[in-house]
1. Taking the conditions exactly as written (surrounded by 17 or more Cβ atoms within 10 Å (Cβ to Cβ) and in contact with a Phe, Trp or Tyr (Cβ under 6 Å, 6 or more places away or on another chain)), does Ile121 satisfy them or not?
2. Among Val24, Val11, which is touching a helix residue (DSSP H, G or I) at 6+ places or on another chain (Cβ under 7 Å) and either modelled with pLDDT under 95 or over 21 Å from Val138 (Cα atoms) (or both)?
3. Looking at Ala125, Ala89, which one is free of Cβ contacts under 8 Å to residues at least 60 places away in the same chain and closer than 15 Å to Ala49 by Cα?
4. So which residues in the range 148-162 are within 17 Å of Ala47 (Cα to Cα) and either assigned to a helix (DSSP H, G or I) or free of Cβ contacts under 8 Å to residues at least 60 places away in the same chain (or both)?
5. Give me a count of the residues in the range 73-93 that are within 16 Å of Val24 (Cα to Cα) and surrounded by 23 or more Cβ atoms within 10 Å (Cβ to Cβ).
6. When the range 134-147 is examined, which residues are found to be surrounded by 13 or more Cβ atoms within 10 Å (Cβ to Cβ) and free of Cβ contacts under 8 Å to residues at least 24 places away in the same chain?
7. Here are some residues: Val105, Val100, Val84, Val95. Which one is in contact (Cβ under 8 Å) with a residue 24 or more places away in the chain, in contact with a Pro (Cβ under 9 Å, 6 or more places away or on another chain) and of a type outside the set (Phe, Trp, Tyr)?
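The values are calculated or read from the model by the stated rules, or taken from the named source; none is laboratory data. Here the structure is a predicted model, which means the values were calculated and not measured. Methodologically, a virtual Cβ is constructed for each residue, glycine included, from the backbone with ideal geometry; neighbour enumeration extends over all protein chains shown.
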Amino acid sequence: MNDMPAHGRWVIHLSLFLGLMLAVWPLPDAVQPYWPAWPALILIYWALALPHRVNVGTFWVVGLLLDVLKGALLGEHALALTVVAWATAYWHLQVRVFPVHQQIVAIGLLLGLYEFVLFWIRGIAGVGQPLFHSLAPVITSALVWPWLFLVLRDLRRRRQVS
């Protein structure tokens, strides 16, 4: 366990809150399939930057909150985000040293795993959706990653989040 005090933990909580709000932002039906997976992106960033502060438990709690906010099958997003947390924790030392343009591919794979687990759970539950609705957020989220990475990294450095 890390005995150092956590500085700027409120920044992590605020960014996760904003990610949850973006996830339930009302959008037109034509735009909805393309909306990035904001909570997953923000969680992945913090797990890469501060793996000792944002871990599997954080992913699980945010997933449960996302299930409740979206009215989804309870545990659907929690399980999917927990799988992504495991993959991120396993792979974080490699991904964090990649240049941003290579991180796009890694983030796309992590989000592809997230959407695959959601697609699988929904298929088992009998509430399947077209495959396109699972692939589109992976692509848009990967394209949003460089911008989000730069914003959160700058915020982490300015507020000295540790």
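1. Working: surrounded by 17 or more Cβ atoms within 10 Å (Cβ to Cβ): yes; in contact with a Phe, Trp or Tyr (Cβ under 6 Å, 6 or more places away or on another chain): no.
Here the answer is no, as Ile121 does not meet what is asked.
2. Working: Val24 fails: either modelled with pLDDT under 95 or over 21 Å from Val138 (Cα atoms) (or both).
On inspection, the qualifying residue turns out to be Val11.
3. Values: Ala125 fails: closer than 15 Å to Ala49 by Cα.
Exactly one residue qualifies, and that residue is Ala89.
4. Leu148, Phe149, Leu150, Val151, Leu152, Arg153, Asp154, Leu155, Arg156, Arg157
5. Residues flagged as within 16 Å of Val24 (Cα to Cα) and surrounded by 23 or more Cβ atoms within 10 Å (Cβ to Cβ) within the range 73-93 amount to 1.
6. Applying the first criterion (surrounded by 13 or more Cβ atoms within 10 Å (Cβ to Cβ)) to the range 134-147 yields 134-146.
Result: Ser134, Leu135.
7. On the way: Val105 fails: in contact with a Pro (Cβ under 9 Å, 6 or more places away or on another chain); Val84 fails: in contact with a Pro (Cβ under 9 Å, 6 or more places away or on another chain); Val95 fails: in contact with a Pro (Cβ under 9 Å, 6 or more places away or on another chain).
Within the list Val105, Val100, Val84, Val95, the selection yields Val100.
So that you can scan it fast, the table gives a plain yes or no per residue for (1) in contact with a His (Cβ under 6 Å, 6 or more places away or on another chain); (2) under 24 Å from Ile104 (Cβ atoms); (3) of a type in the set (Phe, Trp, Tyr):
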{"position": "His13", "(1), (2), (3)": "no, no, no"}
{"position": "Leu48", "(1), (2), (3)": "yes, yes, no"}
{"position": "His52", "(1), (2), (3)": "no, no, no"}
{"position": "Val61", "(1), (2), (3)": "no, no, no"}
{"position": "Asp67", "(1), (2), (3)": "yes, no, no"}
